[in-house]
Amino acid sequence: MTATNTAPPMIRMASVDKYFGSLHVLREIDLEVPKGQVVVVLGPSGSGKSTLCRAINRLEPINTGVIEVDGKPLPDEGRELAELRAEVGMVFQSFNLFAHKTILENVMLAPVKVRKQPAAEARKAAQQLLERVGIASQADKYPAQLSGGQQQRAAIARALAMRPKVMLFDEPTSALDPEMVQEVLDVMTSLAADGMTMLVVTHEMGFARKAAHRVLFMSDGEVVEDSTPESFFTAPKTTRAKDFLGKIL
Ligand code: ADP
Ligand code: MG
């Protein structure tokens, strides 16, 4: 008998609902993301994209349904939750670096504090990560001394320092000046090429076409299309997706 692939999906959501008061922001979400898949999430403002990301990292608790990362249900609190947050790296529109720490210290911090990694080891790993995202020469500067693109690359290095299994990106280039967008997308594209499982909320259609294996289109808290970039961009199935593409392309 040939070996069957029994690996669980890296992310699994089943019948997930989320409300803010009476506002139903995630509606019956069913989603499986296999290991190594790059998923771009598109949709109009307010459609639930950020809430979806935040739910996977448990920054937002859900009301009903199940979310699993690498076969394990999300923990509610405590040490397990800290461990989950380490496994699921998140990069936001605002870089959220610690202003009073150098770039190198920002990247070293969580491995030392959460993972109890020896400082010398964490420093070496941080230097390698800064090299990987192309800002090794900025290691001893403070966040405010860097450009937006460099700060966002530092934020990616900081998330990678925990050796996450999944990376979530919520509009990582939306706050950047146009000339800095590409350098951040290049880092993300190289991560994707290395096999990282990624969920990326972005309006960068070039990235979606080039790096994504799959496009989800959300509208009013629902995933209304789930297809390849090729078929989504050339032949969207729903009127809502057609309207959306008409506005952004
Ligand atoms: P998107 O990222 O697609 O723009 P969000 O996930 O941020 O959408 O928001 C989905 C809906 O939930 C929106 O109607 C938004 O106003 C609402 N919402 C988001 N966060 C909160 C919150 N903390 N409290 C109340 N409503 C919220
Ligand atoms: Mg959002």
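Data for the structure
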item: The chain: most fluctuating residue of 167, 180, 198 per GNM, C-alpha cutoff 10 Å; result: 180
item: For the stretch 11-75: rounded, prolate or oblate by the Cα gyration tensor [a/c cutoff 1.5]; result: oblate
item: Accessible area per residue, Å², the chain with all protein chains present, probe 1.4 Å; result: 48
item: Cα-based helix-to-principal-axis angle, 119-132 vs the chain, degrees rounded to 10; result: 60
item: Selection of GluC sites (Glu not before Pro), the stretch 1-104, meeting DSSP coil and at most 15 other Cβ within 10 Å; result: 77
item: Relative contact order computed over the stretch 83-168 (Cα-Cα under 8 Å; 6+ residues apart), in percent; result: 51
item: Theoretical gain in end-to-end length, residue 210 to residue 136 [0.36 nm per residue, Cα-Cα removed]; result: 24.0 nm
item: DSSP beta bridge pairing in the chain, given as percent antiparallel to the nearest 5; result: 55
item: Helix-only CD estimate at 222 nm, as mean residue ellipticity for the chain, using -39500 (n - 2.57) per DSSP H run (n ≥ 4); result: -11500 deg cm²/dmol
item: Shape of the stretch 58-128, Cα gyration tensor, a/c cut at 1.5; result: prolate
item: Nitroxide proxy distance, nm - points 7 Å out along Cα→Cβ at residue 121 and residue 194; result: 1.9
item: Percentage relative contact order, the stretch 113-249, counting C-alpha pairs under 8 Å, at least six apart; result: 16
item: Rounded Å value of the spacing that divides the Cα centres of the stretch 123-162 and the stretch 171-198; result: 14
item: For the stretch 62-199: rounded, prolate or oblate by the Cα gyration tensor [a/c cutoff 1.5]; result: oblate
item: Eligible lysines near residue 35 by straight Cα distance, threshold 26 Å, same-chain separation 8 or greater; result: 18, 49, 72, 165, 210
item: Total formal charge among the other residues, if their Cβ is under 13 angstrom from that of residue 182, Lys/Arg +1 and Asp/Glu -1; result: -3
item: Relative contact order %, the chain, counting alpha carbon pairs below 8 Å whose residues are six or more apart; result: 26
item: Residue-span extension gain [residue 83 to residue 182] - 0.36 nm each, minus C-alpha spacing; result: 32.5 nm
item: Folded to 0 to 90 degrees: helix 148-160 orientation relative to the chain principal axis, Cα; result: 90
item: Beta bridges by DSSP in the stretch 87-216, antiparallel share as percent, to the nearest 5; result: 0
item: Accessible-area composition of the chain, carbon plus sulfur, in percent [1.4 Å probe]; result: 50
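The values are calculated or read from the model by the stated rules, or taken from the named source; none is laboratory data. Quantities reported herein were computed from a predicted structural model and do not represent experimental measurements. When we count neighbours, we look across all protein chains shown, and the Cβ atoms used for this are built from the backbone with ideal geometry, even at glycine. What goes into the accessible areas is simple: the full protein's heavy atoms, side chains included, and nothing from ligands, DNA or RNA. Shrake-Rupley method; radii C 1.70, N 1.55, O 1.52, S 1.80 Å.
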